[in-house]
Amino acid sequence: MESSRDYAYYKERAQDVKLDDITSSGRNKNIMQKLRDGDSDFTSLYIGEEERNDEDDEFIVEQSDDLGWLGYFIGESKRLGLLHMSCNPSPLVCLLEGICRNRSIQSLEVENIIVDTTFIHLAPFFGSNSNLTRFMLGCDRMGSDLCARNFAMALVKCDSLTCLCFEVSANGGQFSDDAFNDIIFPALNFLPQLEKLSFDDHYIEGEGYATLSNILRLGGMGKLRVLDLISSGVNDAGLQSLVAGMRYCRNLLGLDLYGNNQITVTGLRTLSDFFQSESCRLESLNLASIGIDDEGAIILATGLTTYKPLKHLNLSQNDIGDEGIAALVSGLTIAANTSLETLRLSDNPFTIAGVRLLSILIQSERSCLKLLGLGSMIDGDEAAEALILANALANNTSLMYLGLYLGYHIHKEGEDTFSRLLCDTSSISNIYSSNHTLESIGDLRDRRDPTHDDIRRYLILNRNTSRLNPIDRRLVPMCKILIHHPDLADMKPFYKWKLKVLPMIADWFQKAKACQNYFEESAKTFQRRELSAMYRFIRGVPLLVADRYWSQELKQVRVKKRRVEEDEKEIREKKRRVEEEEMQVLDRLSGQRASL
């Protein structure tokens, strides 16, 4: 590695320098080449000493790599958007000086061991790059108080920064607790444009949350929209302090408290009260893995009964049973919550009774759930669970992702149930009425489809056709109808409209042309479907007309027959009366003769 040189040195030699002489590998040479040539596709760069994913954007530092040249090309780049540095020890001054000249980087990630002067050299970058919106610091606990001050001074110079993240390695945090409380947190007062603040596995002790609460209360981060405190040691007292500050943070939409298992029902009650306040604007809440039991779920549900803005709720990896599920479902339905789109409940000990309760939420006409994560039940009755969920989803048009750990190898009864849900092939009408919204059944972490062929095909079809034309959802049932009724063989229901149906058939196939890509058919083959459907219809109509003609003839003949029968009846009645009259005359005649 070369010592620091001035900018003029690099600029004068940039086009003629032999990249083989300043790099240790072919991949590093290619990265230098792309930076020098301004490759429009090269927008991210990882600098480190160990490979992560063996990607083309990883510059693995070796002894023969000239970081001065790397810094120069980074500084000159107009395309680079993401820079991740994970050098150990910290990079040479020449690399940092080169980075400071860059104006295109939007996201900077630093994971190397930092020294007192690191942010002194990076300060010009923070102050002059108006495109920088995200900074992540993920170093080991090696920063002194002086380093913390230099970091804070560099940070406040960046008036474009909207996202600030602190991630901790296995060896601890970036600075001491006192440095955070006395130096870093106060600096946040000078970042009014900050929209996201994230602490990942960063254990904040002492007065840290009280300090952060005061910043929120005084409007130091008035535009803050997301606050992530993942596994950061939040307890009841810390949560109470945070909520007191969040009441003044009217733009806060997301709160992540994953893994803070020191929170008890006392802290949850604080959150529940916050839901019922007019100052709460939260749309996303992550309370996964914090030990919530039925009592905690009931307390949360109390707050949700009057709170409608919530869109995403994560309660997975807790201890919520059927009683807690009942309270949550009741709270969400009483609230007529029309905003909730995501509900994650996996790894909770509820049973089939809890699934039945959740089906009420799915069937609600006001439901707009797009994702429901259930995981696996403790009693493992997969067939019953599948039947309950399929019945609940029969008329649901919002749920797209259903998280079930049984999704890969569904039981035979469950296979049939979900297959009929997605496509009831018994008739064209039933196919049209099937579920065409559901796109995934299984573990939501990797979105792998079930092994059952029909279910997998229907899920993929729902996904693909919704991408083809997300506005016209009629494409989904059209494709399914064409799978099982290639030329609309069952045309009898349309005979009553006679030839008026032909334009409707032509229009239907015209709209269904968007499904050609799915079937991988040529336009000529697809046209045969349309012609065959029309032929079947035209052939069937004359038969129907003939049937109606002779039916009408039969009706007229029977009318004539009834008239003849009525005439015959009248003649028989006249004949009877004549015969009676004849008998009367004969009787009188006999009497007269006897008297003589």
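The values are calculated or read from the model by the stated rules, or taken from the named source; none is laboratory data. What you see is a predicted model, and the numbers here were worked out from it, not measured in a lab. Glycine also receives a Cβ, built like all others from the backbone with ideal geometry; neighbour counts cover every protein chain displayed. For the accessible areas, the whole protein counts, side chains as well, though only heavy atoms, and no ligand, DNA or RNA atoms are used. Shrake-Rupley method; radii C 1.70, N 1.55, O 1.52, S 1.80 Å.
Taken over the Cα atoms of region 165-252, the convex hull encloses 78 Å³ per residue.
Applying 0.36 nm per residue to the separation of Lys511 and Ala8 and subtracting their alpha-carbon distance, the gain on full extension is 174.8 nm.
Ranked by the mean number of other Cβ atoms within 10 Å per residue, highest first, peptides 214-220, 382-388, 7-13 order as 382-388, 214-220, 7-13.
Excluding ligands, DNA and RNA, the accessible surface per residue across region 159-310 is 38 Å² with a 1.4 Å probe.
Ordering 390-402, 321-333 by mean Cβ neighbour count within 10 Å, with the highest value first, yields 321-333, 390-402.
Working ranking of peptides 266-275, 363-372 by packing, defined as the average number of other Cβ atoms within 10 Å per residue, highest first, is 266-275, 363-372. Using a probe radius of 1.4 angstrom, the carbon and sulfur fraction of the accessible surface of region 34-134 is 41%.
Taking each of Lys18/Lys157; Lys11/Lys34; Lys308/Lys480 in turn, the alpha-carbon distance tops 28 angstrom for Lys18/Lys157; Lys308/Lys480. Sequentially through region 122-129, phi angles give Karplus couplings (6.51, -1.76, 1.60; θ = phi - 60°) of 8, 3, x, 5, 5, x, 10, 8 Hz, Gly and Pro residues having no value and appearing as x. Extension gain, Gln262 to Glu579: 0.36 nm times the residue separation minus the Cα-Cα distance gives 102.8 nm.
Rounded to whole numbers, the Karplus 3J(HN,Hα) couplings from phi for region 433-443 are 8, 6, 7, 10, 9, 4, 10, 8, 10, x, 6 Hz, using 6.51 cos²θ - 1.76 cosθ + 1.60 with θ = phi - 60°, and x at Gly and Pro. In order along region 248-264, phi translates into HN-Hα couplings of 9, 9, 6, 9, 6, 10, x, 9, 10, 10, 3, x, 8, 7, 8, 6, 10 Hz, rounded to whole numbers, per the Karplus curve 6.51 cos²θ - 1.76 cosθ + 1.60 with θ = phi - 60° and x for Gly and Pro.
Taking amide H atoms as placed 1.01 Å from N in the peptide plane, the amide H of Ile292 lies under 5 Å from those of Asp319, each 5 or more residues away in sequence or on another chain.
Calculate the length of the line joining the C-alpha centroid of region 14-40 to that of region 64-117, in whole Å. So the two Cα centres are separated by 15 Å. For region 118-140 versus region 556-596, the spacing of their alpha-carbon centroids is 122 Å. A cut-off of 5 Å between modelled amide H atoms, ignoring neighbours fewer than 5 places along the same chain, links Val168 with Asp200.
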